[in-house]
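The values are calculated or read from the model by the stated rules, or taken from the named source; none is laboratory data. Here the structure is a predicted model, which means the values were calculated and not measured. All Cβ positions, even for glycine, are placed from backbone atoms using ideal geometry, and neighbour counts span all protein chains on display. When the accessible area is computed, the model is the full protein with side chains, heavy atoms only, and any ligands, DNA or RNA have been set aside. Shrake-Rupley method; radii C 1.70, N 1.55, O 1.52, S 1.80 Å.
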Amino acid sequence: MAASSHRIMLGPLVAAIDQGTSSTRFLVFNSKTAELLSHHMVEIKQSFPKEGWVEEDPKEILQSVHECMERTCEKLTQLNIDITNIKAIGVTNQRETTLVWDKETGEPLYNAIVWLDLRTQSTVERLINKTPGRNKNHLKVSSSSVPLICLFASCFFTVLLAWDGRTVFQCQTASNSTGAGSGFIILIWCLTGGKSGGVHCTDVTNASRTMLFNIHTMDWDPELCKYFGIPMEILPRVRSSSEIYGLMKCGALSGIPISGCLGDQSAALVGQMCFQDGQAKNTYGTGCFLLRNTGAKPVMSDHGLLTTVAYKLGRDKPACYALEGSVAIAGAVVRWLQDNLGIIGSSEELEKLAASVCTSYGCYFVPAFSGLYAPYWEPSARGIICGLTQFTNRSHLAFAALEAVCFQTREILDSMNQDSGIPLTQLQVDGGMTSNRLLMQLQADILCIPVVKPSMPETTALGAAMAAGAAEGVSVWSLNPEDLSEVTSEKFEPQINPEESELRYARWKKAVQKSMNWETTEPVCNGNGRQEHTDTGAKIQPQNRL
């Protein structure tokens with residue numbers, strides 16, 4: 001059927017920039033129905049200049065945003081949808097990925113260091129050596145009458161910045177000519193004018209991932225900045241997750257307010273409408289991130305989880321907190337099997353291979369490529385595949401890879417149940433990997449609780465759009481419970497008995513133990529036959545970080 005020559009009349013529209021680890025998306029939603037009207041996606045290339053290093057080109061990230069915005073506007077025009085109906089733009093981003101740039105020239109001073117990067121192990125060790133008694137839980141002390149607990153882990157912004165800053169800061173004649181932050185901060189700055197008056201800000205959810213932010217006072221903490229040697233003047237202004245930060249200054253959407261900002265996992269929590277204490281979601285992207293809403297009071301973890309800010313939806317609204325468990329490798333294992341081993345051609349082929357056997361035949365895969373994140377925080381771990389026999393084939397390995405994602409989620413959920421004291425009765429899920437129906441069924445079987453998947457998988461972008469549309473001065477999206485659109489979903493019920501699930505989980509835990517302590521200071525031979533030494537990863541015993 002030919003498209004009508006008349007433009008489609010819709011209610012107010014809200015757009016979202018979703019800048020993730022492996023791709024950038026621009027999506028446009030109907031604020032009255034939460035319907036996704038159009039979108040465009042561009043993949044982001046990663047480079048690996050040294051073993052354990054993961055970088056991205058900041059200019060490529062920025063270019064991908066502009067391309068996605070322009071292409072989506074073209075698609076809307078082809079659908080006869082008037083782009084002037086777009087009333088606000090939200091931004092959501094990969095967290096902890098670190099970038100330092102010159103605010104005077106607008107040029108990045110180094111590549112973006114991705115959160116998966118392992119180069120900072122020596123920096124972690126150096127920071128630990130600074131603490132009394134080499135206490136890895138240092139800063140669990142009183143500062144400004146507030147308990148401050150920092151997690152020493154190589155993936156977090158401050159440790160990456162401390163590494164990057166050794167080179168970057170000496171390039172600056174004055175520290176106030178330098179800007180620091182994750183990729184989204186430079187996005188807002190660039191989109192609102194860049195060096196010609198761009199807004200240098202962040203929101204509370206991203207600030208809480210830096211180890212420099214006090215989640216009680218909702219501001220940068222001077223003592224933490226001093227401890228880590230980070231000049232406070234390079235840090236962005238911290239604002240709520242839902243307010244007008246500035247106006248677009250470029251492209252077809254020039255003049256539209258940017259009014260929502262959330263780290264990707266917080267955005268997914270909002271998009272899944274987990275506004276009640278006890279509700280939880282798990283996002284299956286490059287990594288896997290399970291967040292549980294704990295309400296207006298932060299809950300301190302005794303089982304290897306992080307205490308973080310979930311969202312603050314307005315300048316005058318209270319902050320909401322969450323417990324979070326992070327898995328480094330989820331969807332990334334699919335890319336590894338495809339790009340590094342070449343045993344699959346696509347994620348769809350992985351599902352078909354695994355479904356052809358429906359068992360790993362005793363094979364267990366621990367994809368600890370970047371060490372183990374929650375609840376272990378063990379950077380010395382490395383990936384292993386064990387339980388192999390002559391009968392094992394690539395189909396069994398494909399199944400074991402999917403099981404690995406599910407087992408890692410089970411470990412997080414167990415910790416979360418222990419910390420909260422109230423077992424979760426169902427898990428809401430989102431992210432690219434949820435299109436794999438076998439994975440979702442495996443997840444329900446391994447958790448022994450139902451898994452609920454929304455029919456519209458772009459909940460991260462939806463959360464950013466909701467925050468943007470609800471901002472004061474925009475007010476086209478109501479977040480009142482009675483006004484929220486009902487979400488259609490699919491539920492996966494457990495199909496195996498709990499005893500079998502526990503047996504498989506116990507063997508997974510045994511495999512995890514075998515993956516640990518692979519990084520040593522013992523000499524190893526390189527490809528030229530010469531001996532080299534590997535760095536010992538600092539073993540981290542995390543509590544919470546505020």
Original post:
Using the per-residue mean of other Cβ atoms lying within 10 Å as a proxy for protection, in what order, highest first, do the peptides 419-427, 434-442, 19-27, 372-380 fall?
Top reply: 372-380, 19-27, 434-442, 419-427
**OP:** Between LYS297 and ASP57, with labels modelled 7 Å along Cα→Cβ, what's the label distance in nm to one decimal, could you check?
**Re:** 5.1 nm
Original post:
Ranked highest first by average number of other Cβ atoms within 10 Å, how do 235-243, 356-364, 106-114 line up?
Top reply: 235-243, 106-114, 356-364
**OP:** Could you size up the charge dipole of the range 38-83 around its Cα centre, putting +1 on the beta carbon of Lys and Arg and -1 on that of Asp and Glu, and report it in debye to the nearest 20?
**Re:** 60 debye
Original post:
Could you name the lysines in cross-link range of LYS491, using Cα to Cα under 20 Å and dropping any fewer than eight places away on the same chain?
Top reply: LYS281, LYS453
Subject >> Between the range 36-61 and the range 262-313, the alpha-carbon center distance in angstrom >> reply: 24 Å
Subject >> Where a label projected 7 Å from the Cα of THR105 along Cα→Cβ would reach, residues of the range 49-70 with amide N under 17 Å >> reply: 58-60
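Per 0.36 nm of contour for each residue apart, how much would the distance between ASP277 and GLU223 grow if the chain were fully extended, relative to their Cα-Cα spacing? Write out the running numbers ahead of the final one.
Values: separation 54, 0.36 × 54 = 19.44 nm, distance 3.13 nm.
Difference between extended and current length: 16.3 nm.
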Original post:
Taking square-rooted eigenvalues a ≥ b ≥ c of the alpha carbon gyration tensor, is the range 400-442 rounded, prolate or oblate, where a/c under 1.5 means rounded and, failing that, a/b exceeding b/c means prolate?
Top reply: prolate
Original post:
About the Cα centre of the range 214-350, what is the dipole size in debye to 20, counting +1 per Lys and Arg Cβ and -1 per Asp and Glu Cβ, all else neutral?
Top reply: 380 debye
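Whenever you get a sec, compute what percent of the accessible area on the range 382-495 sits on carbon and sulfur atoms (1.4 Å probe).
Details: 2230 of 4500 Å².
Taking all protein chains in place, the range 382-495 shows 50 percent carbon and sulfur surface.
May I ask you to derive the relative contact order of the range 318-470, considering only C-alpha pairs under 8 Å and at least 6 residues apart, and to give it as an integer percent?
On the way: 188 pairs, mean separation 32.8, N = 153.
Relative contact order for the range 318-470 comes out at 21 percent.
Hey, got the dipole for the range 316-447? About the Cα centre, +1 on K and R Cβ, -1 on D and E Cβ, debye to the nearest 20?
Using only the charged Cβ atoms, the result is roughly 300 debye.
Among 407-413, 313-319, what's the highest-first ranking by average C-beta atoms within 10 angstrom per residue? Let's see the in-between values first.
Numbers: 407-413: 24.4, 313-319: 14.7.
So the peptides 407-413, 313-319, ranked by packing, come out 407-413, 313-319.
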Original post:
According to the square roots a ≥ b ≥ c of the eigenvalues of the Cα gyration tensor, what is the shape class of the range 412-493, taking rounded for a/c under 1.5, prolate for a/b larger than b/c otherwise, and oblate for the remainder?
Top reply: prolate
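For the range 248-359, what is the Kirkwood estimate of the hydrodynamic radius, computed as the reciprocal of the mean inverse distance between distinct Cα atoms, to one decimal in Å? It would help to have the intermediate numbers written out before the result.
Working: mean 1/r = 0.0594 Å⁻¹.
Hydrodynamic radius (Kirkwood, Cα pairs) of the range 248-359 is 16.8 Å.
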Subject >> Heavy-atom accessible area order for MET273, MET232, largest first, 1.4 Å probe >> reply: MET232, MET273
